[in-house]
Amino acid sequence: MRILVLGGTRFVGHAIVEAALRSGAEVTLFGRGRTGLGLFPHLTRLLGDRDTDDYAALRDGTWDAVVDVSGYVPRHVAGAMDALQDRVGRYLFISSHAVYRRTGLGPGSDEDTPLRPQVRDTEERDDDTYGPLKVACENDVVARYGSRATIVRPGKVAGPHDPSDAFTYWVRRASHGGPVALPADPAQPVQIIDSRDLAHLVVRLLADERPGAFNAVGPAEPTTLGALIETCARVAGTEVEIVPVPPDTAPPLPLVRPNWPTQQRSSARARAAGMPSTPLEVTAADVLTWDRDRGQPPLRAGFSPTEERALLTQQGR
């Protein structure tokens, strides 16, 4: 299989390229050439910039499938589709759970959950527009490619090379042990998907030529925020004590969500399509090893050690 990956050198794209290569696929990368220059030196790299509508490098060539990891606004998707036309067999678009409406949900909501109204009049991406922009992108891909369109909607993705620090914060914090300040209910459900499980799903969907939308969420066994922290500690060989702190005394922490049903979506369709289930312990252990190997640089998410100590002191700890 010949696969073109639009953006394949960062976190999710990196995992997808590795999974595709393991499957024996021939992979071509398209991007700006600014990140991951040491990765995949044997692969063909086509240079272009979606922000400036530079798709000249895609004028020639044919592929069995394209995986769009870097499409965030309708202009990105339209430019790629106009450049590729029918020189690709299947268009797989990496979307997001942010496309779904946030109200009226119950546990186990699936891919037929109503989507948020699409947005096309801005390219500013924030909490209000990110999901609706992705909805517009999805609509355009399906309108152009029909049964040759596949949509993957990941939840929070975790694993080595994660630039968001969301899961990495809890892995590192739990590895230090002791009292852990948590401005949230430990019983809150949490859904994360290992980046390698997501990548495996993408490759399987392409190999099987499956159309439609798929929720890429995990882990396979439901877990809570408190259990996730304790799992990370167990993997690191430490012990933690979760200490509730008032939410209004703390900045937003990674994986904390007030809307619990958004963390209880069904992954049944993706599992049936072949998405594997990496145990949470394995994901945590691999992230801990990766974080230590890179020297544990300062994180952009969560409490600083000073902030957490001050809150714990206020709680008498």
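The values are calculated or read from the model by the stated rules, or taken from the named source; none is laboratory data. Keep in mind that this is a model prediction, so the values were computed, not measured. Note that each Cβ is placed from the backbone with ideal geometry, even for glycine, and that neighbours are counted across all protein chains shown. Ligands, DNA and RNA are stripped out before the accessible areas are found, and what is left, the full protein with its side chains, is counted by its heavy atoms. Shrake-Rupley method; radii C 1.70, N 1.55, O 1.52, S 1.80 Å.
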For region 97-128, what are the residues that are among the polar types (S, T, N, Q) and either more than 23 Å from PRO252 (Cβ to Cβ) or open to solvent by less than 80 Å² (accessible area, probe 1.4 Å) (or both)? SER109, THR113, GLN118, THR122
Evaluate region 32-48: report whether one residue or more is within 27 Å of THR262 (Cα to Cα) and in contact with a strand residue (DSSP E or B) (Cβ under 6 Å, 6 or more places away or on another chain). no
For region 240-262, enumerate the residues that are open to solvent by less than 60 Å² (accessible area, probe 1.4 Å) and over 26 Å from SER304 (Cβ atoms). ASN259, PRO261, THR262
Evaluate the following for GLU18: is it of a type in the set (Asp, Glu) and either part of a loop (DSSP other than H, G, I, E, B) or open to solvent by less than 30 Å² (accessible area, probe 1.4 Å) (or both)? no
State whether one or more residues within region 157-164 are assigned to a helix (DSSP H, G or I), surrounded by fewer than 24 Cβ atoms within 10 Å (Cβ to Cβ) and of a type in the set (Ser, Thr, Tyr). no
From the residues in region 1-60 that are among the basic types (Lys, Arg) and either out of contact with any Asp or Glu (no Cβ under 6 Å at 6 or more places or on another chain) or touching a residue at least 24 places away in the same chain (Cβ under 8 Å) (or both), which one is farthest from ARG75 (Cα to Cα)? ARG22
Among the residues of region 268-291, is there at least one that is open to solvent by less than 40 Å² (accessible area, probe 1.4 Å), among the small types (Gly, Ala, Ser), in contact (Cβ under 8 Å) with a residue 24 or more places away in the chain and touching a Pro at 6+ places or on another chain (Cβ under 9 Å)? no
When region 33-67 is checked residue by residue, the ones that are surrounded by 13 or more Cβ atoms within 10 Å (Cβ to Cβ), under 14 Å from LEU84 (Cβ atoms) and among the basic types (Lys, Arg) are ARG50
Hits in region 77-96 - residues which are of a type outside the set (Gly, Ala, Ser), under 19 Å from LEU47 (Cβ atoms) and open to solvent by 10 Å² or more (accessible area, probe 1.4 Å): ASP82, ARG87
Within region 21-32, the count of residues that are under 26 Å from PRO276 (Cα atoms) and either of a type in the set (Asp, Glu) or open to solvent by 20 Å² or more (accessible area, probe 1.4 Å) (or both) comes to 5
Inter-residue pairs, beta-carbon under 8 Å, first free of Cβ contacts under 8 Å to residues at least 12 places away in the same chain and within 17 Å of GLY177 (Cβ to Cβ) and in region 297-317, second outside any loop (DSSP other than H, G, I, E, B) and not hydrophobic (A, V, I, L, M, F, W, C), 6+ apart: none
